[in-house]
């Protein structure tokens, strides 16, 4: 099983290779510890006409952070699965005038990894937040589906 740093490098490489928008946005994995994934993207390539964070960038960063924490949890369990982002909602509470830092906490969802291992699939809702010096700027909630990769093909 790979360590956390290796998994983080693997996730960032996977994003940049398969989701080109993540590279253009400058999205990077900061850390993964105790079931919590933290990502960061610079404000500059993600701004709107008001020089604050573009809502579409916030959505994409938060959705990818949620997808990423699920990916890391699955990989940490020694499993391999396809992950699909099925639906998402976001609440924009404050403008973001600084680099975008997104946090997704999986600690209360770990039973879904057991469900995936036992049943071959799981569906769950994962939250992500962006915090600024002024408090919570946005909260994302996304529905994700994971299905074990078939090895008998």
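Checked against (1) out of contact with any helix residue (DSSP H, G or I) (no Cβ under 6 Å at 6 or more places or on another chain); (2) farther than 19 Å from residue 143 by Cβ, residue 57 passes all but condition (1).
The set of residues in the stretch 101-129 being touching a helix residue (DSSP H, G or I) at 6+ places or on another chain (Cβ under 6 Å) and outside any helix (DSSP H, G or I) consists of 102, 104, 106, 122, 124, 126, 128. If you take the residues of the stretch 26-47 that are without any contact (Cβ under 8 Å) to a residue 40 or more places away in the chain and surrounded by fewer than 14 Cβ atoms within 10 Å (Cβ to Cβ), which of them is farthest from residue 96 (Cα to Cα)? Filtering first and then ranking leaves 33. Hey, does the stretch 57-73 have a residue that's surrounded by fewer than 17 Cβ atoms within 10 Å (Cβ to Cβ) and either modelled with pLDDT of 95 or more or closer than 27 Å to residue 148 by Cα (or both)? For the stretch 57-73, residues surrounded by fewer than 17 Cβ atoms within 10 Å (Cβ to Cβ) and either modelled with pLDDT of 95 or more or closer than 27 Å to residue 148 by Cα (or both): absent. I'd like to know if the stretch 78-86 contains one or more residues that are surrounded by fewer than 15 Cβ atoms within 10 Å (Cβ to Cβ), part of a strand (DSSP E or B) and without any contact (Cβ under 8 Å) to a residue 60 or more places away in the chain. Within the stretch 78-86, one or more residues are surrounded by fewer than 15 Cβ atoms within 10 Å (Cβ to Cβ), part of a strand (DSSP E or B) and without any contact (Cβ under 8 Å) to a residue 60 or more places away in the chain. Selection over the stretch 9-20 of residues that are in contact with a helix residue (DSSP H, G or I) (Cβ under 6 Å, 6 or more places away or on another chain) and surrounded by fewer than 18 Cβ atoms within 10 Å (Cβ to Cβ) gives a count of 1.
Yes/no matrix, rows are residues, columns are (1) in contact with a strand residue (DSSP E or B) (Cβ under 8 Å, 6 or more places away or on another chain); (2) within 19 Å of residue 105 (Cα to Cα):
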site: 5; (1), (2): no, yes
site: 13; (1), (2): no, no
site: 24; (1), (2): no, no
site: 29; (1), (2): yes, yes
site: 48; (1), (2): no, no
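State which residue pairs qualify: first residue touching a residue at least 12 places away in the same chain (Cβ under 8 Å) and on the phi < 0 side of the Ramachandran plot and inside the stretch 112-130, second residue in a strand (DSSP E or B) and surrounded by fewer than 15 Cβ atoms within 10 Å (Cβ to Cβ) in any location, beta carbons under 9 Å apart, and separation of 6 or more residues or different chains. From the stretch 112-130, the pairs are 112/123; 123/86; 125/87; 129/136; 130/136.
The values are calculated or read from the model by the stated rules, or taken from the named source; none is laboratory data. Here the structure is a predicted model, which means the values were calculated and not measured. Glycine gets a Cβ as well: all are built from the backbone with ideal geometry, and neighbour counts include every protein chain shown.
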